[in-house]
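Data block below; observations after.
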Amino acid sequence: MNITVLLFGIATDLIGNSSLEVALPINCSVSHFKELLVKQHTELKSMSSFAVAINESYAKDDIIIKENSTIAIIPPVSGG
């Protein structure tokens with residue numbers, strides 16, 4: 001299945017785009033998605049960690065991604 005991935009903050013800078021299309025296997029969990037994304041886009045390895053939101057809600061690693069979902073990559077944020 002193809003999923004739209006939105007990128008924010010440093011993730012946009014690292015990839016060079018604010019979104020991308022990713023092909024995922026059926027019944028793909030968030031943790032598996034993270035592994036696949038970093039394998040396909042090794043420049044993301046320089047981020048220490050990132051959160052994933054599915055359809056505008058934060059998602060835990062065991063959540064299964066459904067077809068036609070929109071995923072957002074949310075890098076670590078520091079305040080000041």
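The values are calculated or read from the model by the stated rules, or taken from the named source; none is laboratory data. What you see is a predicted model; the values in this text were computed from it and never measured. In this analysis, Cβ positions are derived from the backbone assuming ideal geometry, glycine residues included, and neighbour counts consider all displayed protein chains. Note: accessible area is taken over every heavy atom of the protein model, side chains too, but ligands, DNA and RNA are not part of it. Shrake-Rupley method; radii C 1.70, N 1.55, O 1.52, S 1.80 Å.
Of all residues in the range 28-69, those satisfying the criterion of being among the hydrophobic types (A, V, I, L, M, F, W, C) and either touching a Lys or Arg at 6+ places or on another chain (Cβ under 9 Å) or not in a loop (DSSP other than H, G, I, E, B) (or both) are Val30, Phe33, Leu36, Leu37, Val38, Leu44, Phe50, Ala51, Val52, Ala53, Ile54, Ile64. Scan the range 11-27 for residues that are part of a loop (DSSP other than H, G, I, E, B) and either open to solvent by 50 Å² or more (accessible area, probe 1.4 Å) or of a type in the set (Val, Ile, Thr) (or both) and the total you get is 6. Once the range 33-42 is narrowed to residues that are buried (at least 16 other Cβ atoms within 10 Å of the Cβ) and not basic (Lys, Arg), the residue that is farthest from Asp62 (Cα to Cα) is His41.
Of all residues in the range 43-79, those satisfying the criterion of being surrounded by 10 or more Cβ atoms within 10 Å (Cβ to Cβ), within 17 Å of Ser18 (Cβ to Cβ) and over 11 Å from the mean Cα position of the chain (by Cα) are Glu43, Met47. On inspection, Phe8 passes the criterion of being open to solvent by 50 Å² or more (accessible area, probe 1.4 Å) and in contact (Cβ under 8 Å) with a residue 24 or more places away in the chain.
Against the list (1) within 16 Å of Ala72 (Cβ to Cβ); (2) within 10 Å of the chain's Cα centre (by Cα), the condition Glu35 fails is (1). The residues of the range 28-39 that are within 18 Å of Thr70 (Cα to Cα) and free of Cβ contacts under 8 Å to residues at least 24 places away in the same chain, listed by number, are His32, Glu35, Leu36, Val38.
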